Amino acid sequence: MNTKHRNQTIDVLRLVFSLCIIGIHLNLFKDMNTGLFRIFTEGVFRIGVPFYFITSGYFYAVKLHDREKTDKYLLRLFRIYVIFEAVDLLARFLPGREKPPWFMLLRSFTTGQNQIYWYIISLILTCAVCRRAWKRGWAKYLIAAGGVLYLFAMTFVSYSWLFPKPFLADIVRIHKVVWAWPQAGFNESILFLSIGVWLRQNNIRSKHAGIGVLVFTAALLAESWFCQSKGAADANCCLSLIPVSVCVFLWALNHPDTIHIPHAGKMSLYVYMIHPYTNYLSYMMSNVSVVRYLISAGLSVICAFLIVMQRNKAEV
């Protein structure tokens, strides 16, 4: 897509949220200040993945009536995944890191060897499986189904403190196993991708999206803080993430040129794909989360920029 026709605000937010995801995976601020960790790392940063899914669903909906375009889009994502996953697979054969072949194969089809690529796997599989339903206008039904899956996962993640181990231990154990496979986040991908498709197909806009961002971000911070204070296993499935991510996306739709960073949209995907490796390097170089973050984020952005420049040159 030509740059002048892109929504620059969405592209920049995608890049910003890719940097937020790095912060989540490095537990930014956890070693420094509990408040900062809960507000940012387990709060605002968590908007990133739902925003990515909604954005992907929204723009994927444009291609739904052209099978060639949808196949080309999914094949491109698959190729990128295979390249980066192959690097990690090779690293698994180093002394001390060997795993059984069946285990590595399962990982490659669910979370990636690093357990971080679940987003890209989920995106590819969900689009491939759901596109016929979306094309028929069934996005609202998939939103309902995704919502049920989201609630199911939420009770084990953000609201895990409601289920202490002595209470219905066997059921909780089964719950964990069912939700953990394929851990490709289908609870999130089906819900948020379908929301993006539905927003596009119904041409939804909102003049009050900015107010919604403020209100639901405050709700997310309160919910995340409360759940974390109760010992939640994670903050990945807070209820407030649903409305706040939708409002952020709608606000960006209404303000297409508010922020502009060249190549931001293309770089965001590569930042996400590269950061597991730069995270490894950051752990080797520092014990301080902020320093690790600056190292990983900086290297990821530089590498992503170089890849995009090279691809642009090749396309010319």
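Annotation: residue 69 fulfils all but one of (1) among the basic types (Lys, Arg); (2) without any contact (Cβ under 8 Å) to a residue 60 or more places away in the chain; (3) within 30 Å of residue 235 (Cβ to Cβ); the unmet one is (3).
Residue by residue, here is whether (1) at pLDDT 85 or above; (2) touching a helix residue (DSSP H, G or I) at 6+ places or on another chain (Cβ under 6 Å); (3) not in a loop (DSSP other than H, G, I, E, B) holds:
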| site | (1), (2), (3) |
| --- | --- |
| 146 | yes, yes, yes |
| 152 | no, no, yes |
| 161 | no, no, yes |
| 164 | no, no, no |
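Residue 26 meets the conditions (1) touching a residue at least 60 places away in the same chain (Cβ under 8 Å); (2) closer than 30 Å to residue 131 by Cα; (3) not hydroxyl-bearing (Ser, Thr, Tyr) in every case but one. The failed one is (2). Of all residues in segment 293-309, which are closer than 16 Å to residue 273 by Cβ, crowded, with 18+ Cβ neighbours inside 10 Å and hydrophobic (A, V, I, L, M, F, W, C)? Correct list: 297, 299, 301, 303, 304, 307, 308. Within segment 84-107, can one find any residue that is within 17 Å of the chain's Cα centre (by Cα), at pLDDT below 90 and at positive phi? Within segment 84-107, none of the residues are within 17 Å of the chain's Cα centre (by Cα), at pLDDT below 90 and at positive phi. In summary, residue 193 fulfils each of the numbered conditions (1) aliphatic (A, V, I, L, M); (2) at pLDDT 95 or above; (3) in contact with a Lys or Arg (Cβ under 8 Å, 6 or more places away or on another chain) with the single exception of condition (3). Scanning segment 280-316 for residues that are modelled with pLDDT under 95 and under 20 Å from the mean Cα position of the chain (by Cα) yields a total of 1. Condition check: modelled with pLDDT of 90 or more and over 24 Å from the mean Cα position of the chain (by Cα). Does residue 68 satisfy that? Criteria met by residue 68.
When you go through 38, 14 one by one, which is the residue that is part of a helix (DSSP H, G or I), at negative phi, charged (D, E, K, R) and modelled with pLDDT of 95 or more? Break it down stepwise before answering.
On the way: 38 fails: modelled with pLDDT of 95 or more.
None of the others qualify; the one that does is 14.
Residue count for segment 19-51, restricted to those that are in contact with a Leu (Cβ under 8 Å, 6 or more places away or on another chain) and within 22 Å of residue 257 (Cβ to Cβ): 2. Look through segment 85-135, keep the residues that are of a type in the set (A, V, I, L, M, F, W, C) and outside any helix (DSSP H, G or I), and return whichever of them is nearest to residue 65 (Cα to Cα). Out of the qualifying residues, it is 109.
Of the numbered criteria (1) surrounded by 20 or more Cβ atoms within 10 Å (Cβ to Cβ); (2) modelled with pLDDT of 80 or more; (3) closer than 25 Å to residue 275 by Cα; (4) of a type in the set (A, V, I, L, M, F, W, C), the one residue 184 fails is (2). Out of curiosity, is residue 211 farther than 17 Å from residue 50 by Cα, at pLDDT 95 or above and surrounded by fewer than 19 Cβ atoms within 10 Å (Cβ to Cβ)? Judged against the criteria, residue 211 is a match. Taken over segment 7-54, the residue count meeting the criterion of being touching a Gly at 6+ places or on another chain (Cβ under 6 Å) and either surrounded by fewer than 17 Cβ atoms within 10 Å (Cβ to Cβ) or not acidic (Asp, Glu) (or both) is 7. Restricting attention to segment 230-264, the residues that are small (Gly, Ala, Ser), buried (at least 22 other Cβ atoms within 10 Å of the Cβ) and at pLDDT 90 or above add up to 3.
If the requirement is being touching a helix residue (DSSP H, G or I) at 6+ places or on another chain (Cβ under 9 Å), over 23 Å from residue 123 (Cα atoms) and loosely packed, with under 14 Cβ neighbours inside 10 Å, which of these qualifies: 312, 287? Walk me through how you get there before you give the answer.
Values: 287 fails: touching a helix residue (DSSP H, G or I) at 6+ places or on another chain (Cβ under 9 Å).
So the residue among 312, 287 that is touching a helix residue (DSSP H, G or I) at 6+ places or on another chain (Cβ under 9 Å), over 23 Å from residue 123 (Cα atoms) and loosely packed, with under 14 Cβ neighbours inside 10 Å is 312.
The values are calculated or read from the model by the stated rules, or taken from the named source; none is laboratory data. Since this is a predicted model, take the numbers as computed values, not measurements. Using ideal geometry, Cβ is built from the backbone for each residue, glycine included, and neighbour counts are taken over all protein chains shown.
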